[in-house]
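> Starting off with a structure, shown below.
The values are calculated or read from the model by the stated rules, or taken from the named source; none is laboratory data. Nothing here was measured: the structure is a model prediction, and the numbers come from that model. Counting neighbours? That spans all protein chains shown, and the Cβs are built from the backbone with ideal geometry, glycine included.
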Amino acid sequence: MQKTIENNWSRAVLTHQIESGLHLREGKAIDNFEATLPKPESDLARQVLRDPYNFDFLALTERHNERELEDGLMDQLTKFLLELGAGFAFVGRQYKLNVDGDEYSIDLLFYHLKLHCYVVIELKVDKFKPEYAGKLNFYISAVDSQVRSQPDGPTLGILICKSKSDIKVEYSLRDITKPIGVSEYQITETLPDNLRSSLPTIEQIEAEFGDAED
């Protein structure tokens, strides 16, 4: 009830959040916010994260790559923003940064209206690797130096992977000075329409078994 009032959810959105188990996913990601942000900002930032993120609204094959994942999220930006939660404002994709003559591209850049800070989101379609945290830390430093203005809070980083080892994430974030959270994403596998139509229904299978028994 509190979340519905706070976020002005419709009945349909509330139903979706209940069915997706939002209350079980909020604040569950592994992060280093307590060590890198003052209170109460660290607690507020932790509440922003979800683990896992539910991307069931995407129609992707099992072997999708990072560009396909990013394209899908942009095609379904309204649903993606709903999954991220209240307060996220989209800034850009493949956001360009120039550091000492070399160009780098951030997967997705957002601004959080309640935390008053930029949020860098990096997408990975494989298992978490320690070097991912180091690269995200570099991006956050660049945004803090080149994009962030005086009134803005410290830039946050969210790394969304296909899977992760909690221990490896904890070790990787332990001595990083920038605020980073690491989450997984999940997509329920569904059959494409062209395959679904060619397969028998449950009723047809039961009928076949019935005929065989006769």
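> Of (1) in a helix (DSSP H, G or I); (2) touching a helix residue (DSSP H, G or I) at 6+ places or on another chain (Cβ under 7 Å); (3) more than 20 Å from ASN137 (Cα to Cα), PHE57 satisfies all except one. Which?
PHE57 satisfies all of (1) in a helix (DSSP H, G or I); (2) touching a helix residue (DSSP H, G or I) at 6+ places or on another chain (Cβ under 7 Å); (3) more than 20 Å from ASN137 (Cα to Cα) except (1).
> In region 145-160, how many are outside any loop (DSSP other than H, G, I, E, B), touching a residue at least 12 places away in the same chain (Cβ under 8 Å) and surrounded by fewer than 21 Cβ atoms within 10 Å (Cβ to Cβ)? Step through it out loud before you land on a result.
So in region 145-160, the residues outside any loop (DSSP other than H, G, I, E, B) come out as 145-146, 156-160.
After this cut, where a residue has to be touching a residue at least 12 places away in the same chain (Cβ under 8 Å) as well, the list is 146, 156-160.
Okay, now just the ones that are also surrounded by fewer than 21 Cβ atoms within 10 Å (Cβ to Cβ), so 146.
Number satisfying all stated conditions: 1.
> All but one of (1) among the acidic types (Asp, Glu); (2) surrounded by fewer than 16 Cβ atoms within 10 Å (Cβ to Cβ); (3) at pLDDT 90 or above hold for ASP51; which doesn't?
Single failed check for ASP51: (2).
> How many of the residues in region 129-148 are of a type in the set (Val, Ile, Thr) and under 17 Å from the mean Cα position of the chain (by Cα)?
Within region 129-148, the first condition is being of a type in the set (Val, Ile, Thr), and the residues that meet it are 140, 143, 147.
After this cut, where a residue has to be under 17 Å from the mean Cα position of the chain (by Cα) as well, the list is 140.
Looking only at that region, the number is 1.
> Let me ask you something else. Which residues, taken from region 85-124, are under 15 Å from ILE160 (Cβ atoms) and at pLDDT below 95? Outline the logic, then answer.
Initially, region 85-124 is screened for residues under 15 Å from ILE160 (Cβ atoms), giving 85, 88, 93, 106-110, 119-124.
If the condition is that a residue be under 15 Å from ILE160 (Cβ atoms) and at pLDDT below 95, then GLY85 is the only one that fits.
> Next up: Looking at the structure I just gave you, is TYR132 surrounded by fewer than 20 Cβ atoms within 10 Å (Cβ to Cβ), at pLDDT 95 or above and of a type in the set (Phe, Trp, Tyr)?
Details: surrounded by fewer than 20 Cβ atoms within 10 Å (Cβ to Cβ): no; at pLDDT 95 or above: yes; of a type in the set (Phe, Trp, Tyr): yes.
Spelling it out, it is not the case that TYR132 is surrounded by fewer than 20 Cβ atoms within 10 Å (Cβ to Cβ), at pLDDT 95 or above and of a type in the set (Phe, Trp, Tyr).
> Against the condition under 25 Å from PHE33 (Cβ atoms), of a type in the set (Asp, Glu) and either touching a helix residue (DSSP H, G or I) at 6+ places or on another chain (Cβ under 9 Å) or surrounded by fewer than 17 Cβ atoms within 10 Å (Cβ to Cβ) (or both), how does GLU122 come out, does it pass?
Numbers: under 25 Å from PHE33 (Cβ atoms): yes; of a type in the set (Asp, Glu): yes; either touching a helix residue (DSSP H, G or I) at 6+ places or on another chain (Cβ under 9 Å) or surrounded by fewer than 17 Cβ atoms within 10 Å (Cβ to Cβ) (or both): yes.
Here the answer is yes, as GLU122 does meet what is asked.
> Please work out if GLU68 is more than 28 Å from ASN32 (Cα to Cα) and in a helix (DSSP H, G or I). First the steps, then the outcome.
Values: more than 28 Å from ASN32 (Cα to Cα): yes; in a helix (DSSP H, G or I): yes.
So GLU68 fits the description; yes.
> Considering only residues that are out of contact with any Ser or Thr (no Cβ under 9 Å at 6 or more places or on another chain) and of a type in the set (Lys, Arg), look in region 43-84 and name the one that is farthest from SER163 (Cα to Cα).
LYS79
> On the basis of being more than 20 Å from SER183 (Cα to Cα), among the acidic types (Asp, Glu) and either in contact with a strand residue (DSSP E or B) (Cβ under 7 Å, 6 or more places away or on another chain) or crowded, with 16+ Cβ neighbours inside 10 Å (or both), does GLU66 make the cut? Walk me through it before giving the result.
Details: more than 20 Å from SER183 (Cα to Cα): no; among the acidic types (Asp, Glu): yes; either in contact with a strand residue (DSSP E or B) (Cβ under 7 Å, 6 or more places away or on another chain) or crowded, with 16+ Cβ neighbours inside 10 Å (or both): yes.
It is false that GLU66 is more than 20 Å from SER183 (Cα to Cα), among the acidic types (Asp, Glu) and either in contact with a strand residue (DSSP E or B) (Cβ under 7 Å, 6 or more places away or on another chain) or crowded, with 16+ Cβ neighbours inside 10 Å (or both).
> Could you tell me whether any residue of region 161-175 is hydroxyl-bearing (Ser, Thr, Tyr), under 28 Å from LEU60 (Cβ atoms), surrounded by fewer than 16 Cβ atoms within 10 Å (Cβ to Cβ) and at pLDDT below 95?
No: zero hits.
> List the number of the failed condition for ASP31; all other conditions in (1) more than 13 Å from the chain's Cα centre (by Cα); (2) modelled with pLDDT of 90 or more; (3) under 18 Å from PHE88 (Cβ atoms); (4) surrounded by fewer than 16 Cβ atoms within 10 Å (Cβ to Cβ) hold.
The failed condition is (4).
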